[in-house]
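See below for the structure under consideration.
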Amino acid sequence: MTESTRLTTPFTARATADEIIAGVDLTGHRMIVTGGASGIGRETVRALARAGAEVTVATRDPARAEDLVAEFTGPGPGTVRALALDLADLDSVDAFVAGWTGPLHALIANAGIMAVPDRRLTPEGWELQLATNHLGHFALARGLRDSLRSAGSARVVVVSSGAQLRAGIDFDDPHFARRPYDPWTAYSQSKTADVLLAVGIARRWSADGITANALAPGVIITNLQRHLSEDTLRSFGVTTDETGAVAVPDHYKTPAQGAATTVLLAASPLVEGVTGRYFEDNQEAAVVPGGPEPMTGVAEHSVDPAAADRLWTYAEETLGARRR
């Protein structure tokens, strides 16, 4: 991809989700935001609902979204509801899909976990980060494909991370059964898988009127960092004072700024018809070699069509084996 073919927008890296969507009317649009009860997911929900959308917060604990639902109860342009969804539990994913009726204009795969300190497995034997961040979202998107198709023009938005630069998919041992478990390698692998999910959907579902793109939201302090030690947070420049209050570095984004690129891909007319790409700071990112050095861009291994096809086949076979 050359510099001239990358999509650009007028928005800066500090734009908020509301600024991205100003003037866009989403009345009649139905959208799902996984992990929408907290962090950048919550700000994504707010921006979309303020623009008139009917937003479903898909979360493990719907009670955590009660205040968000209440915020959009009564007169106003949009509505919010919360439904139970545990992406690490395929029975929960199946139940969510079975309960969904009608068209779906946008599926925002926002939920995720990061740097789980020890190797944890789902009941199926899947490494927890890959299961939650990728396999659960794969099952959800595939289960909702007919609803996306029936919308006529639908978008899938997958929240990845700059961590995708650090590791590709180890197809020989994706769940760390034989290689030593490393929390950051596992996280990076799962975030590469997220980008490859968008590439895979773009390669398969375009004829259904469905586009798919992935993004990095930037660096934000949210509940995602709950598994990180104080030493790790300090290495990232995050400190606490004597009262325990967090001092966030100036280069970190607010949750509303972190939600901006998600909202751009979910609802802005500027990206209508765009599919199979990766964005950061409200712009399409450059494709770069992966490894420890790059700080921005999307790794070649994260947008490799052959890897996307191989991962798609792997996910289908993995989910199929679970059901046999």
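Here, each number is a calculation from the coordinates, and none is a lab measurement. No experiment lies behind these values; they were computed from the predicted model shown. Because the Cβ atoms are built from the backbone with ideal geometry, glycine has one as well, and the counts that use them run over all protein chains shown.
Rounded to the nearest 20 debye, the dipole magnitude of the chain is 620 debye, with +1 charges on Lys and Arg beta carbons, -1 on Asp and Glu beta carbons, and the Cα centre as origin. Extending 7 Å from the Cα toward the beta-carbon at both E19 and S150 defines two label points whose distance is 3.9 nm. Spatially, region 9-63 and region 267-306 are offset by 21 Å when compared through their Cα centroids. Multiplying the residue separation of R178 and R81 by 0.36 nm and removing their Cα-Cα distance gives an extension gain of 30.7 nm.
With the simple spin-label model, which puts each label point 7 Å out from Cα in the Cβ direction, the L121 to T5 separation comes to 4.3 nm. Over the chain, Cα pairs under 8 Å with separation of 6+ residues give a relative contact order of 21 percent. Fraction of C-alpha pairs exceeding 24 angstrom in the chain: 51 percent, rounded to a whole number.
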